[in-house]
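Novice: I have a structure I would like to understand better, so I am pasting it below and will then ask my questions one at a time.
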Amino acid sequence: MRTGTIIGIIFIVGALLKLAAIWNIISLQWLSNQPWTSYILPCILLYIGASLVVKSFCKDRDQWLRRPIPDQEEGRRILCSTKYGGDEYVYNGESFHGARLEASFGGIKLDLRNAVINEDEEIDIHTSFGGVELYVPENVNVLVKSRSFFGGVGNESLSTNDQKLPTLYIVASNFFGGVSIKN
């Protein structure tokens, strides 16, 4: 564990102890006699503790682990799944045949800008408390269908609407999560 994580956990435990004393779950008589400790101190401790825990994970150099593209049978979709972290997949001239992306409490970056896409393909995305960054080539059409609960899909890709080009069908289901599509 990192130092920031340990200090953050100590602050969170201290704040929870104080709140338990306020709610008469435990007795901290010597501490409860101080007027400034009633509500201000627990709020400050919770804020500092949560900030330290989050910062200790966000500044991790390996937050986005560059992974090799998952093996797939010819013509089959790949499956990329992450929980409590982040993965990055980059296509460099490989053939793309669709994907299923699942992000829970984490994120996935999928870079298809240099992928070979010769026909219509589907990307099925499921997020819960996470997100997906999708980079698509400029020479494909992008069609998005989404069902989201406290989340959404942001499509910032350039729209070509050329019937001769292949189409990427993005089907997204987000629960407290989101998808960002860019070129």
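The values are calculated or read from the model by the stated rules, or taken from the named source; none is laboratory data. Remember, it's a predicted structure, so these values are computed and weren't measured experimentally. Reconstructed Cβ throughout: ideal geometry from the backbone, glycine too, with neighbour counts over all protein chains shown.
Novice: Confirm whether Lys145 is in the same structural domain as Gly107 (by TED's automatic domain parsing) and modelled with pLDDT under 90.
Specialist: no
Novice: If you don't mind, there's one more thing I want to ask. Conditions: (1) within 26 Å of Gly131 (Cα to Cα); (2) at pLDDT below 85; (3) buried (at least 17 other Cβ atoms within 10 Å of the Cβ). Val90 meets all but one. Number of the miss?
Specialist: For Val90, the exception is condition (2).
Novice: What number of residues within the stretch 85-113 satisfy the criterion of being touching a Gly at 6+ places or on another chain (Cβ under 6 Å) and free of Cβ contacts under 8 Å to residues at least 60 places away in the same chain?
Specialist: 7
Novice: Looking at Cys80, Cys58, Cys43, which one is modelled with pLDDT under 70 and either exposed (fewer than 15 other Cβ atoms within 10 Å of the Cβ) or within 30 Å of Ser128 (Cβ to Cβ) (or both)?
Specialist: Cys58
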